[in-house]
Amino acid sequence: MAVTATPIFAQTPYAKTLTLAAQTACTTRAPTATASLAGANITAFVPVSTNGLRIDSIQVNAVGTSISTVNAAQLVNIWMWDGTTAFMILDTFSAPLVLPAAFALYASTTVTTTAAGTALQVTAYGGAY
């Protein structure tokens, strides 16, 4: 008897944006416990979902309020949180990134941002199951 698998597909499009203005730089890359996330300047980005999420891409834009202020060279790090600890994932990841229902994404910057010149916006695009 042959077993057939039924594929599942995302039910609705998903997009979530976080603005990193006046964001203090994160100085760690080590796994970070939930209680230490705020102190490490690791900010909630994509919250937990009911059935999980598929993240196809993450985009970062400069969104400072002053067009004449030079942006700082820096990285936006993305962290995957499993309910107790956040782990930094690679700067690039193989799409899609499939998040279980109890998982979330966090973000941090390597250089402190200002609202006027170096503010960043990070957006995740994908689908919700």
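Each value in this text was obtained by applying a stated rule to the coordinates, not by laboratory testing. Predicted, not measured: the structure shown is a model, and the values here were computed from it. Methodologically, a virtual Cβ is constructed for each residue, glycine included, from the backbone with ideal geometry; neighbour enumeration extends over all protein chains shown.
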Simple spin-label model, 7 Å along Cα-to-Cβ: Ala21 to Leu75 in nm?
-> 2.7 nm
Expressed as a rounded percentage, what relative contact order does the chain have, with Cα pairs under 8 Å and six or more residues apart?
-> 46 percent
Using the Cα atoms as the points, what is the convex hull volume per residue of the chain in Å³?
-> 118 Å³
Pulled fully out, how much extra length does the chain show between Val111 and Thr84, if you take 0.36 nm times their separation in residues and subtract their Cα-Cα distance?
-> 7.2 nm
Name the chymotrypsin sites (Phe, Trp or Tyr not before Pro) in segment 1-57 that are in a loop by DSSP and that have at most 10 other C-beta atoms within 10 Å, would you?
-> Phe9
How much length, in nm to one decimal, is gained on full extension between Thr123 and Ala101, taken as 0.36 nm per residue of separation minus their Cα-Cα distance?
-> 6.0 nm
For segment 18-77, shape from the Cα gyration tensor axes a ≥ b ≥ c, cut at a/c of 1.5 then a/b versus b/c, turns out oblate
Pick from Leu75, Leu99, Leu18: which is most flexible by mean-square fluctuation in a GNM of the chain where alpha carbon atoms under 10 Å apart are linked?
-> Leu75
